Amino acid sequence: MMRLRSTGGAIATLALTALVSIPAAARADGRIKKRAGNQQNRIAQGVQSGQLTARETARLEHKESALNQETRDMRKLDGGKLTPQDKATVNQQQNKLSKQIYNQKHDAQTQGSGTGEIAQRKENQQDRIAQGVASGQLTARETARLEGKESALNQETRDMRALDGGKLTPQDKATVNQQQNRLSKQIYEQKHDEQTQPQ
């Protein structure tokens, strides 16, 4: 009887040890995912508040997308899991990205709000992108592409104004409105496709 108890106790101890060691790895992976989600929320808040311009957002989302891809590649190479060295590398890169998010949100550049229909639509589209980032409906790659298009449209609008004495002509407004319609449709399609940002 005594022998059975000690064997049963040893088995229970081994089982408990196995259960405790498995969640540690899962917790580390969970922290990486949670941190990526937190950084996405910080970017979304920066877009929403106007602290991040479309160009800054596109750059940050491109870096986030590259880091997400690198993390997936590391997992593939290591049988679906991240090694301790992989985790340290990802953590270091997340630290760097976190600092870049902070710096971009606190620099002098802001998303100009302006007045008028074009400015209001631009702000509305930025809000829709921010909501898509926060909800996970937009991946970092999708967000980077959308923000790149928003940034290009913003630059084109500034160029039109510069050519026309600081104002947009009716033709310019029609062109910008048409491009905003196209971008609005792309935002909708990207938010409602099958791709989502892992939470």
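The values are calculated or read from the model by the stated rules, or taken from the named source; none is laboratory data. As the structure is a prediction and not an experimental result, all values here were calculated from the model. Quick reminder, even Gly has a Cβ in these numbers, built from the backbone with ideal geometry, and neighbours come from all protein chains shown.
Quick look at the values:
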quantity	calculated
The listed residue being out of contact with any Ser or Thr (no Cβ under 6 Å at 6 or more places or on another chain) and not polar (S, T, N, Q), out of G136, G50, G80	G80
Which numbered condition A134 misses (of (1) surrounded by 20 or more Cβ atoms within 10 Å (Cβ to Cβ); (2) in a helix (DSSP H, G or I))	(1)
Residue within the range 98-118 that is assigned to a helix (DSSP H, G or I), closer than 25 Å to E189 by Cα and not β-branched (V, I, T) present	yes
Residues of the range 156-187 classified as in a helix (DSSP H, G or I) and without any contact (Cβ under 8 Å) to a residue 60 or more places away in the chain, total	22
Among residues of the range 105-141, those that are hydrophobic (A, V, I, L, M, F, W, C) and within 18 Å of the chain's Cα centre (by Cα), counted	6
Any hit, the range 113-123, residues being within 16 Å of Q48 (Cβ to Cβ), surrounded by fewer than 17 Cβ atoms within 10 Å (Cβ to Cβ) and of a type in the set (A, V, I, L, M, F, W, C)	yes
In the range 138-152, the residues that are in contact with a helix residue (DSSP H, G or I) (Cβ under 7 Å, 6 or more places away or on another chain), surrounded by fewer than 20 Cβ atoms within 10 Å (Cβ to Cβ) and not hydroxyl-bearing (S, T, Y)	R141, G148, K149
Out of T169, T157, sole residue that is among the hydroxyl-bearing types (S, T, Y), surrounded by 16 or more Cβ atoms within 10 Å (Cβ to Cβ) and farther than 30 Å from N68 by Cα	T157
Residue within the range 142-153 that is outside any helix (DSSP H, G or I), on the phi < 0 side of the Ramachandran plot, within 16 Å of the chain's Cα centre (by Cα) and not aliphatic (A, V, I, L, M) present	no
Selection count, the range 183-199, where residues are surrounded by fewer than 12 Cβ atoms within 10 Å (Cβ to Cβ), of a type in the set (D, E, K, R) and modelled with pLDDT of 90 or more	2
Residue that is over 16 Å from Q94 (Cα atoms), at pLDDT 65 or above and part of a helix (DSSP H, G or I), where the choices are R27, R59, R42	R27
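Okay, residues lined up against (1) touching a strand residue (DSSP E or B) at 6+ places or on another chain (Cβ under 7 Å); (2) over 24 Å from R121 (Cβ atoms); (3) in contact (Cβ under 8 Å) with a residue 60 or more places away in the chain; (4) surrounded by fewer than 20 Cβ atoms within 10 Å (Cβ to Cβ):
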| site | (1), (2), (3), (4) |
| --- | --- |
| Q45 | no, no, yes, yes |
| E56 | no, no, no, no |
| E64 | no, yes, yes, no |
| E70 | no, yes, no, yes |
| R75 | no, yes, no, yes |
| T89 | no, yes, no, yes |
